[in-house]
1. Identify, from the list 55, 60, the residue that is in contact with a helix residue (DSSP H, G or I) (Cβ under 9 Å, 6 or more places away or on another chain) and surrounded by fewer than 18 Cβ atoms within 10 Å (Cβ to Cβ).
2. Quick check on this structure: which one of 85, 78 is buried (at least 22 other Cβ atoms within 10 Å of the Cβ), within 13 Å of residue 30 (Cβ to Cβ) and either within 18 Å of the chain's Cα centre (by Cα) or modelled with pLDDT under 95 (or both)?
3. Is it the case, given these coordinates, that residue 93 is touching a residue at least 60 places away in the same chain (Cβ under 8 Å) and either assigned to a helix (DSSP H, G or I) or farther than 24 Å from residue 27 by Cβ (or both)?
4. Taking the residues in the range 108-119 that are within 18 Å of residue 29 (Cα to Cα) and without any contact (Cβ under 8 Å) to a residue 60 or more places away in the chain as candidates, determine which candidate is surrounded by the fewest Cβ atoms within 10 Å (Cβ to Cβ).
5. Could you tell me whether the range 8-31 includes any residue that is in contact (Cβ under 8 Å) with a residue 24 or more places away in the chain, over 27 Å from residue 130 (Cα atoms) and either surrounded by fewer than 16 Cβ atoms within 10 Å (Cβ to Cβ) or in contact with a helix residue (DSSP H, G or I) (Cβ under 9 Å, 6 or more places away or on another chain) (or both)?
């Protein structure tokens, strides 16, 4: 009984850590995993802002735990199969932005840009902080950068069109 419970716990952790197993996609698992964040963002988009923020914080905490545990199970420090961090980062990149097709794409592109290129300080976070917090935190910073850029781009688009 205890072994079955432990196996179930490990399977649930791996399911969450790999973004419903999208992290096993043979190419671009981070990008595919990020797509899991889109319907989640849609589902919470009608919630009050405080509830969205609380949910994103909850997802962050779950991501830190499951990313760390899944990495241990896979025997790597930051395996490409772990994509729960991308989901967290994407939710941050779209936070406070109205959920429309254009906005989803803009936030997605900016997030993937920062997550892949890892400019300062994202690269330093990625290299210096280990475990589940390190796996997740660089994507959080990428999500913050993406959100700022998406907000700026949307502001420019709006003001350019109405000017």
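The values are calculated or read from the model by the stated rules, or taken from the named source; none is laboratory data. What you see is a predicted model; the values in this text were computed from it and never measured. Counting neighbours? That spans all protein chains shown, and the Cβs are built from the backbone with ideal geometry, glycine included.
1. 55
2. Matching residue, one of 85, 78: 85.
3. So residue 93 does not fit the description; no.
4. 117
5. Within the range 8-31, none of the residues are in contact (Cβ under 8 Å) with a residue 24 or more places away in the chain, over 27 Å from residue 130 (Cα atoms) and either surrounded by fewer than 16 Cβ atoms within 10 Å (Cβ to Cβ) or in contact with a helix residue (DSSP H, G or I) (Cβ under 9 Å, 6 or more places away or on another chain) (or both).
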